Structure formats: C-alpha cells, structure tokens
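Let me begin by presenting the structure, written as structure tokens, before commenting on it.
The values are calculated or read from the model by the stated rules, or taken from the named source; none is laboratory data. Since the structure is predicted, the reported quantities are computational estimates derived from the model, not experimental observations. Cβ sites come from the backbone with ideal geometry, for glycine too, and all protein chains shown count toward neighbours. All accessible areas refer to the heavy atoms of the entire protein, side chains included, with ligands and DNA or RNA removed. Shrake-Rupley method; radii C 1.70, N 1.55, O 1.52, S 1.80 Å.
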Amino acid sequence: MTSSREKEDLMSTLAIIGSGNIGSAVARLTVAAGMNVVIANSRGPESLADLIAELSPLARAAEVDEAARVGDAVVLSIPLPAVRGLADGLLNDKIVLDTSNYYPSRDGRIAELDAGDVTTSELVRGWLGETRYVKAFNNILAHHIPLLARSQGAADRSALPIASDDAEAKLEAARIIDELGFDTVDAGSIADSWRFEPESAAYTRMYLADPATPDSELMSSVPGVTPADTVSSTLAAATPVDVSKRVF
C-alpha cells in the first residue's frame, strides 16, 4: 500500500501558509482537486488537527519552514505584519500566490501604502525577496471560493484576476487555479494590482448575485457566476483608491 508520504512524492503539493478563511477555503479546493496540501500557521501543527482530520488523507500540517520547503507552490494568506516577520529567504525561488490585502484596522497604518508609493503587492514582494510572486485570491470572499469553484470545462465558471511581473510564474499560477476550479484573467503587473484590491470595483462585490447586498450581509451573501469577460471589463473600468482614507 502506498503511504501518504509516498503519495505526496507522486503528486504535486500545494503549501498553504495561513489557515484563516481564505487559506482553509483554498485547502479544501486543493484536496477536492486530488492534490496534496501541506498547511502551516503561526500557532503550530497541533492547532490544525480539526482541519487536517476533515481534509485527510491528502492534507497534513507542518511548521511554516517545512511547508515552504516541500510545496511545489505556496499560497501565502497571512496578515501583512506576519508577512514582514517571515524568515529572510524562506520562499526564495518558490511560486507564491499571495492573497494579501491592506486592512489598517488589522495591520496598523503602513506609510508606504498610505502615501501611494507602492501597491500592497509591490510592498509584499519586496519583503519576500527572490520569490516568483503572483497576486491571487485576494479579491473574493472566502465563503464564495468553494461555492463558485467549477470543474474544468464547465460553462458556468467564474474567473479570478492574477497579477505578476514574472510571465512564467503567472502561467503556472493560472494552471494551479484552473485545477482548483477557476478561470483566470491577466490583470497585468503587480503595479497594476490596485485594480482588484479593497474598495476597487473588482473587489468582492463583483462576485455577488445581488450587487446591492448591504455590507452587513456580505459574510452570508450569495455569489453569482462571474465569467472572465466580466472580470476583464471590471478591471479595465477600475479607478484608483485613496488608501490613506481606508478605515477598515
């Protein structure tokens, strides 16, 4: 009988650093796609027992450094201060799908972002160093991720924007996201990623069945199929946001 560790050697492995709502949602899609997933967080493997029990046998927990080492690609889904605290070189040469957003109420004020000198993606890529960086999964509500995922070739597939300065990494990220259940739209470079950051037209509400849903009901909102052409047109119509005025 093939052991779980031997299976991990035979199939691609996605590492997920961060076990919050987005990280856990992506982990569930990864297992549904028949891929191995290694999950890590700041609280240690023991804190992930319930999630791993749900996702076994294709999932296991690890320390952050091990997850980074064994993943063929890494989904990074942690708050900005935690990104800054990662060990230097931890993700060197890895394809990193970064879900980061700037929420001052959680992250504190960050002068470079408030000044508009860089996008969140540019700041994070600078912190991470020599990674093959792709911005993804940051503009969709966590509970919409499994509800909108569809098999390859499905007519009612939704799309996610991705941004990167690395063309090959962007292609690999698109392949991974395709396996997980979504089409992708090339949103340009990481300097362009503001188009699908918080408060932009392409952030979360684009995926609502009812765009007029009140903010107070977003966490229980019903998603609507959002195809690639809708994502493309919404990105194209986006206007810059004054991040310094963000309060959430």
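Annotations for the structure displayed:
- The chain, helix-only ellipticity at 222 nm - DSSP H runs n ≥ 4, -39,500 (n - 2.57), divided by all residues, nearest 500: -8500 deg cm²/dmol
- Taking Lys and Arg as +1 and Asp and Glu as -1, the other residues whose beta-carbon sits under 13 Å from that of residue 236 total -2.
- Most simply put, the chain has about 10% antiparallel DSSP beta bridges, counting only bridges with both residues inside it.
- Whichever aspartates and glutamates have a C-alpha closer than 17 Å to that of residue 245, once near sequence neighbours (fewer than 8 apart) are set aside: 107, 112, 114, 117, 197, 199
- Computed as a quarter of the hull surface, the mean projected area of the alpha carbon convex hull for the range 203-248 stands at 4.0 nm².
- For the chain, accessible area per residue (1.4 Å probe, heavy atoms of protein chains only), Å²: 45
- With contacts taken as Cα pairs under 8 Å at a separation of at least 6 residues, the range 149-248 carries a relative contact order of 29 percent.
- Entry note, the chain: relative contact order of 17 percent, from Cα contacts under 8 Å with a spacing of 6+ residues.
- Carbon/sulfur fraction of accessible area - the range 133-227, other protein chains in place, 1.4 Å, %: 53
- Local electrostatic count, residue 127, Cβ distance below 12 Å [Lys/Arg +1, Asp/Glu -1]: -3
- Over all projection directions, the Cα-based convex hull of the range 71-212 averages an area of 8.9 nm².
- Kyte-Doolittle at least 0.0, axis length at least 18 Å by Cα - qualifying DSSP helices, the chain: 167-180
- Sequence of 242, 166 when ordered by accessible area, the most exposed leading, probe 1.4 angstrom: 242, 166
- Ranked from largest to smallest solvent-accessible area, with a 1.4 Å probe on the protein heavy atoms, 135, 94 come out as 94, 135.
- Burial ranking of peptide ranges 12-25, 148-161 (average Cβ count within 10 Å, highest at the top): 12-25, 148-161
- Residue-count net charge about residue 24 - beta-carbon cut-off 14 Å; Lys, Arg +1, Asp, Glu -1: 0
- Cα pair count fraction exceeding 24 Å, expressed as % - the chain: 44
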